[in-house]
Structure formats: structure tokens, C-alpha cells
Amino acid sequence: MPTPALHASTVLDSILYRDAFGTPQMRGVFADSSFIGRCIEVEIALAKAEARCGVIPPEAAEVIARESRLEGINFELMRQETELVGYPILPLVHQLVNMTGDAGRYVHWGATTQDIMDTATVLQLRSALEIVDADLIELRSILSGLARKYRDTPMAGRTHLQQALPITFGYKAAVWLAMFDRHQQRLAQLRERVLVVEFGGAAGTLASLGDRGFDVQAALAEELQLGVPNTTWHVARDGFAECVNLLALITGSLGKVATDIMIMASTEFAEVYEPFVSGRGASSTMPQKRNPISSELMLAAAKAVRQHAGLMIDATIHDFERATGPWHAEWIAIPESFVLTAGALHQAKFCLSGLVVDEIRMRSNLGITKGLIVAEAVMMGLAPVMGRQQAHDVVYEACRKVNDEGGTLEDALASIPVVLRHINRTALKRLTDPVNYLGLAPQMVDRAVSSSVDLTSALKRKDA
């Protein structure tokens, strides 16, 4: 008989694909058992908070805290009741009441379903963001290492898929690094907006707790180590939407990195390769193939999370003081977005930590235009001695000659008398060597790496 895992119907839970598109750690954060465990944690914290505020007897809170256990939950019974009710909290409360005896009358006191579910989700987000945060730190370290190592490694910079001007591979890695530095900053900034308790009662006014509502809300937040919102946010979903849209930015940047790597790994470019693992990226019919599997998975995740980001924006449109459906869309988008993001970050760390960089091929590709890639450098070199416009026209003529007749830009320029009247062959050779026209690419690497180190130090000081 097939195991339960073989009945999975999505890549996130599939025994075949789940560790390609996600990670066990992140799946664990959003597993059913984890969510119900968080709901129990909130119910216990609520009882403790209400006891502290004199709303329920302290002895009842002690029993609720002691007897409410995830191990005692009958998930099959909960599944059946959830199908009827539409939400798992009432079925959960039924079981907690049974677990806690007489104290059960105080379980869920003054709360509503969404209070418990939203706050439980916030607790999940706190754990999930910690995982993403750690992955970003590790990824930034890898990218910083690449930027430093290849600071001065020349390669062709490309615009519109055409060779444009020389850059260095370290510069490219530094651009990647800067993106994830910004994402790390965004993650730190959103925590105080997102990691807040949700507790407002039926319509968000805390009416059922009379004048003790704010006290209980603050005590609940303290029990869970969450912030206290200025207003109830059960129909103001910008915090959760911001969270998933950050994931869309992170995976979007991973998709950009993946696209660069996939194109650079193509046979015609052959400048980088994903780490070699025997059999990885193999074709069933073409033994020579070495497909960029990690990059492909990163790109797929970026596309999927982008869709969920849009869904979360749509889900911010709630009607009145209790929504009629947008909330449910979050149940789909939030877990899937985090699992996909974790999977993409895992693939990125694997791919970039062992990236094979062919510096010789990069240098070779830099020369395939026969010097045309530095036409701008030559024009700017000649402009001081013959004027910019004449320099432009002379270099344009030389470029046309290379395109029509072959040869190199150096030779074409040397055949134009006016050029040699102003500049000797040695200087011309220097101008037409792409390595001599890297601009400030190496210095930008230094600045990006230094900024990234400063960010790490600043975030450590903030957490201390």
C-alpha cells in the first residue's frame, strides 16, 4: 500500500520534489501540527494574560497551561469538524475544553477565531523570518566572497544580450550582493510592523472584556513577546502582504541571478557552471548535458512567489469588520511563499558557494568583437586630440570596416591616417585592450563589500 507521502499532490509536499522546491525546516514551520501548536500557545498565553489582569481565576490559567497539549489533539476529529465549521479554532477549543476539565470554561475567553489564527500565524512568521534572515546572511557572505575573489576578473558586460562594455565578474557579484543587502534591511524593518499580536474580539473592539481589554491585549503580547498594535488589524492586512511581497523581492532577485547564470552557462558563453555533482542536471538522452538545475528551480520559485505576492495584495481588500473570503487566500499564499523562498535560497547557496568560474573563457569572450567592445574607450581617448565629433566619426568608420571586412579595431584604426597623426601604435593598442576600460568596476566591488560588512555589524548591534 502506498505511503501517505505518495499521495501528495503539489511540489511542496511531493516526495519527489519537496526538497527541490522547499526545505524540511520551513515546511516544519507551516505544518498542520505546527500551526495548531501555535494556536494552543496563543490560547495558553491568553489564559495567563487574563489571569494576570484579574479576568479569569489564576488556578484556571494554570490548568489550561498545564493540560493543553498538542500531543492530546485528535487531528482526524479536528479535520471532520473543520470541514463543517470552516475554521479549526472551534474544533480546537472543543478539545482543549475536554482536556482542561472545569477550567475549560475559561478557554478562549473574550477571543474570536481570527484572534487566535492571526496571532498563531504571526508566531509562524517570526520563525519563518528567522530562517530567511539566516539564509540571507549566509548568501550575502557567499556573494561577498565571489565579489572579492573576482574583483579584477574582466568579462564582457552585456546590454540587450549584446556585448556593451567590459566589466569584471566581481562587479557582477557585487551588484547581486547589494540586492540582498537591501533585502536584509527590509526584513529587519518589517519585523516591528508585522510581529504584533492580534486580539480584538468579535468586531475588533475588545467589547467582551470591558475596561480590561487593553490590559489583556498588552499582557498577551508580553506573554508571546510580540508588539502591541495601535488598532486591531484583523481587516487591515498590509503587514502580511508586506511580508509576502518581501519574499517576492527576494525570489525576484534570485531569479535575476539565476537568469544570469543560466545564460552564462550556455554552450556559446561557457563562462560559469553550477557545482558539479555526478548525475545532477543530466539528460536522459544526451550524456553531454549539464543543465543548470538550481538556477531553474530559483527562477520557477520567483515566478510562483510573484503570483502569491499579487494574491496577498488582492487579499488586503477586506469588507467591513470581518472579511468574506480574502482572509482564506492568505492561507494559501503565506505558507507556499515561505516554503518556495526557503527552497530558492537553499538552491542559491548551493549554486553560488560552488560556482565554477572560467576566467579564461571570460577573457576570450571579451575579445570576440575584435576590439569593438571598447569603441567608446577609443573615441574618448581620441576626443582630446581631435575633438569629440571627429573622434566619433573616425571610430564609427573603423567599426564599419571591422564589421564589413573583418580584422581588429586596432588594425582598422591604424589604417586611417588621421588617427596615427595624433596617436602612436602603442597607445592605440592600449586603448583597444578591453582590460584597460573597466571603469570603476573594481572600486565599486570594494564599496559594495565594505557596505555589506557595515550592514552586518549594524544589524548585530541592533539585535544585541
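The values are calculated or read from the model by the stated rules, or taken from the named source; none is laboratory data. Source: prediction; values computed, not measured. Here the Cβ positions follow ideal geometry from the backbone for every residue, glycine too, while neighbour counts run over all protein chains shown.
Give the stretch 56-99 a look and list any residue that's small (Gly, Ala, Ser) and without any contact (Cβ under 8 Å) to a residue 24 or more places away in the chain, or say none.
Hits for the stretch 56-99 are ALA65, GLY86.
Pick from the stretch 261-308 the residues that are at pLDDT below 95, of a type in the set (Val, Ile, Thr) and closer than 29 Å to MET155 by Cα: which of them is surrounded by the most Cβ atoms within 10 Å (Cβ to Cβ)?
ILE293
Let's see how each residue does on (1) part of a helix (DSSP H, G or I); (2) at pLDDT 95 or above; (3) of a type in the set (A, V, I, L, M, F, W, C):
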site: GLY110; (1), (2), (3): no, no, no
site: ILE116; (1), (2), (3): yes, yes, yes
site: VAL122; (1), (2), (3): yes, yes, yes
site: ALA134; (1), (2), (3): yes, yes, yes
site: GLU138; (1), (2), (3): yes, yes, no
site: SER141; (1), (2), (3): yes, yes, no
site: GLY145; (1), (2), (3): yes, yes, no
site: ASP152; (1), (2), (3): no, yes, no
site: ALA156; (1), (2), (3): no, yes, yes
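Say we look at the stretch 52-62 and pick out the residues that are surrounded by fewer than 22 Cβ atoms within 10 Å (Cβ to Cβ) and under 42 Å from the mean Cα position of the chain (by Cα); which of these is farthest from ALA207 (Cα to Cα)?
If we take residues in the stretch 52-62 being surrounded by fewer than 22 Cβ atoms within 10 Å (Cβ to Cβ) and under 42 Å from the mean Cα position of the chain (by Cα), then GLU62 is farthest from ALA207 (Cα to Cα).
Step by step: first the residues of the stretch 425-464, then only those that are part of a loop (DSSP other than H, G, I, E, B), modelled with pLDDT of 90 or more and among the aliphatic types (A, V, I, L, M), then the one that is surrounded by the most Cβ atoms within 10 Å (Cβ to Cβ). Which residue is that?
This residue is LEU438.
Quick check on this structure: which one of LEU96, LEU12 is in contact with a Gly (Cβ under 9 Å, 6 or more places away or on another chain), buried (at least 19 other Cβ atoms within 10 Å of the Cβ), among the aliphatic types (A, V, I, L, M) and more than 27 Å from LEU206 (Cα to Cα)?
When all the criteria are applied, what remains is LEU12.
Would you check which residues across the stretch 178-210 are surrounded by fewer than 16 Cβ atoms within 10 Å (Cβ to Cβ) and either outside any helix (DSSP H, G or I) or among the acidic types (Asp, Glu) (or both) and list them?
GLU192, ALA203, THR205 - these are the residues of the stretch 178-210 that are surrounded by fewer than 16 Cβ atoms within 10 Å (Cβ to Cβ) and either outside any helix (DSSP H, G or I) or among the acidic types (Asp, Glu) (or both).
Tell me, which residue of the stretch 309-328 that is among the acidic types (Asp, Glu) and part of a loop (DSSP other than H, G, I, E, B) is surrounded by the fewest Cβ atoms within 10 Å (Cβ to Cβ)?
Of everything passing the filter in the stretch 309-328, ASP319 is surrounded by the fewest Cβ atoms within 10 Å (Cβ to Cβ).
Out of contact with any Leu (no Cβ under 9 Å at 6 or more places or on another chain), hydroxyl-bearing (Ser, Thr, Tyr) and not in a loop (DSSP other than H, G, I, E, B): which single residue out of SER253, SER266 fits that description?
After ruling out the rest, the residue left standing is SER253.
Might you let me know whether the stretch 229-242 holds any residue that is of a type in the set (A, V, I, L, M, F, W, C) and closer than 30 Å to LEU161 by Cβ?
no
Which one of these does VAL445 not meet: (1) farther than 30 Å from ALA178 by Cα; (2) touching a residue at least 60 places away in the same chain (Cβ under 8 Å)?
Among (1) farther than 30 Å from ALA178 by Cα; (2) touching a residue at least 60 places away in the same chain (Cβ under 8 Å), VAL445 violates only (1).
Conditions: (1) in a helix (DSSP H, G or I); (2) in contact (Cβ under 8 Å) with a residue 60 or more places away in the chain. ASP102 meets all but one. Number of the miss?
(2)
Within the stretch 146-192, which residues are among the aromatic types (Phe, Trp, Tyr) and within 19 Å of the chain's Cα centre (by Cα)?
TRP176, PHE180
Residue check: is SER337 surrounded by fewer than 19 Cβ atoms within 10 Å (Cβ to Cβ), touching a residue at least 60 places away in the same chain (Cβ under 8 Å), within 30 Å of ALA134 (Cβ to Cβ) and out of contact with any strand residue (DSSP E or B) (no Cβ under 6 Å at 6 or more places or on another chain)?
no
Can you tell me how many residues in the stretch 326-384 are of a type in the set (Asp, Glu) and in contact with a Gly (Cβ under 6 Å, 6 or more places away or on another chain)?
0
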